[in-house]
There are 2 protein chains.
Amino acid sequence: MTEDRNRARFSYDGLERTIHEKARLGLLTSLVSHPKGLSFVDLKRLCDLTDGNLSRHIKVLQDAGLVTVEKGYENNRPHTHCTITAEGQKQFFDYLAVLEKIVKDATQDAARPAPATPPKPVV
Amino acid sequence: MTEDRNRARFSYDGLERTIHEKARLGLLTSLVSHPKGLSFVDLKRLCDLTDGNLSRHIKVLQDAGLVTVEKGYENNRPHTHCTITAEGQKQFFDYLAVLEKIVKDATQDAARPAPATPPKPVV
């Protein structure tokens, strides 16, 4: 019974790979905290990415329907603006809930006092 | 000045790839919450991994000095026991601090009320 309940307890299936990748996690965090969106120039600076990496990761997020990209001009110079979609916000907050669960799982159990007797060595 | 302060604000360099990978994140969370360690059989079940994936990821964690593996026998059957190291605990808690920062960054700013005026379209 206990065994069944604990099955896959630490598998964290909600850590969807599109979001979990380090650079994309930074991009989505910056976009979710800037509801009006951010320019490519700002994203590059905030997430410390090269042009190539930024374009590649934004394309993955765009293909997954998590962000939209508008290309235009500002002061006669090409300007690209990126915004998180409603679906992107939803999926990102679902993902954040898994991160919170990991932090909780790790800290609540790890905070338990060590057992009085040392662990039995495996022979 | 503000621009410099915000440079790389969302780059989250502390998301060390050895730990950030989804399966290894589950393995370390389960091990940090079981200070006496866990058997391979338990880890397989708790993290929902195949034998091959479990061995591969444990090897990565072992090579990085984050876990130790003891092979022995229990009731005349091969038994493998895995424990997080002190260094593993330290690195994992450093990593968790970055996860907590992401959750904070995403939720505190996203919770701001939307601006009264709609965002200016990019033309």
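Things worth noting here:
- Summed residue charge, Cβ within 11 Å of B:LEU54's Cβ, Lys/Arg positive, Asp/Glu negative: +2
- Starting from the label point of B:LYS36 at 7 Å along Cα→Cβ, the same points in the other copies fall at 5.8 nm, in ascending order.
- The modelled label-to-label distance for the pair B:ALA86/A:ASN53, using points 7 Å beyond Cα in the direction of Cβ, is 3.4 nm.
- Subtracting the Cα-Cα distance of B:THR107 and B:THR68 from their residue separation scaled by 0.36 nm leaves 10.4 nm.
- 3J(HN,Hα) along the stretch B:34-46, derived from phi through the Karplus expression 6.51 cos²θ - 1.76 cosθ + 1.60 where θ = phi - 60°, amounts to 10, x, 7, x, 9, 6, 4, 4, 5, 4, 4, 6, 5 Hz, with x in place of Gly and Pro.
- Taking amide H positions as modeled 1.01 Å from N, with prolines and chain starts lacking one, the residues under 5 Å from B:VAL67 and 5 or more places away or on another chain are B:GLN62, B:THR85.
- Taking every residue in B:49-58 and counting other chain Cβ atoms within 10 Å of its Cβ, the average works out to 0.
- Other copies of B:HIS79: label-to-label distances in nm, shortest first, labels 7 Å along the beta-carbon direction: 6.8
- Peptide B:17-29 has a mean shielding of 4, counted as Cβ atoms of other protein chains within 10 Å of each residue's Cβ.
- Relative to its Kirkwood radius, the Cα radius of gyration of the stretch A:13-68 gives an Rg/Rh of 0.93.
Every number here is computed from the coordinates shown, using simple stated rules; none is lab data. Here the structure is a predicted model, which means the values were calculated and not measured. Ideal geometry is used to build each Cβ from the backbone, glycine not excepted, and the neighbour counts take in all protein chains shown.
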